[in-house]
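To start, the structure under review is shown below, and the notes come after it.
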Amino acid sequence: MLEIPSTISTANVGKTMPEWNEQEHVNRARNGDMDACDALVRHYQERIYATIYHMTSNHEDAADIAQDTFIKAFRKIQYFKGDSAFFTWLYRIAVNNTINFLRSKRRRVILSINQMDEEWDSGEEVLGLVSKDTPQSTVDRHELQKFLNGAMQKLSPNHRLVVTLHDVQGVPHEQIGEIMDCNTNTVRTRLHYARKQLQAHLSDYLKQ
């Protein structure tokens, strides 16, 4: 029987790893090779953890969900058909776990105002708050960040997810489509709608 790695270790973070062969490790893991399972965890744990953390804004919750993600993945690895990259399949499990968690716990997602690039068309007022470095602007940025975090909670889970994946994690549209099981046009539409909703909330804030 395939045993599941009991912990997610950070001991190998920053170390130089040998050339990576994903398919080889997946095949070995399917056959119950624990070294291959450990290697898959080490290779992907940082990205999986980071994605979950940006959606939950809680380190302990992110660690628990990441752990559960790998447990589910190894239990179901026999069903991985290879139609997509293993990481995309693993990412999808992590995303589903996190969405279920957010729906049950209603945790907060943090989107930094510094991640609002030119695609947002946020206006000179917001750009001014981000670029200035004065005591007053620091207070203003703090208040704006709190308001933005609250606005994120008003988005649906799918719209919150697409903002998290693209604007926080930098995941390409095509891969987001694979993760969310939709085409890239749907990804772009959801991202556009989510940004417009957040911009509307920001406009209300700036009018105060």
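The values are calculated or read from the model by the stated rules, or taken from the named source; none is laboratory data. The structure presented is a predicted model; accordingly, all values stated were derived computationally and were not measured. Neighbour counts run over all protein chains shown; Cβ positions are idealised from the backbone, glycine included.
Here is how the numbers come out for the structure above:
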quantity: Residue that is surrounded by the fewest Cβ atoms within 10 Å (Cβ to Cβ), among those in the stretch 33-75 that are of a type in the set (K, R) and at pLDDT 90 or above; calculated: R75
quantity: Residue tally, condition within 17 Å of I99 (Cβ to Cβ), part of a helix (DSSP H, G or I) and not polar (S, T, N, Q), over the stretch 181-191; calculated: 3
quantity: Those residues of the stretch 182-192 which are surrounded by 15 or more Cβ atoms within 10 Å (Cβ to Cβ) and either charged (D, E, K, R) or touching a His at 6+ places or on another chain (Cβ under 9 Å) (or both), in sequence order; calculated: V187, R188, R190, L191
quantity: Sole exception among (1) modelled with pLDDT of 85 or more; (2) part of a helix (DSSP H, G or I) for D204, by number; calculated: (1)
quantity: Residues of the stretch 135-180 satisfying the condition of being of a type outside the set (A, V, I, L, M), within 19 Å of L102 (Cα to Cα), modelled with pLDDT of 75 or more and not in a helix (DSSP H, G or I); calculated: K154, S156, Q169
quantity: Test: residue in the stretch 101-117 that is assigned to a helix (DSSP H, G or I), touching a Ser or Thr at 6+ places or on another chain (Cβ under 9 Å), at negative phi and modelled with pLDDT of 85 or more; calculated: yes
quantity: Sole exception among (1) at pLDDT 90 or above; (2) crowded, with 16+ Cβ neighbours inside 10 Å; (3) farther than 26 Å from H159 by Cβ for I8, by number; calculated: (1)
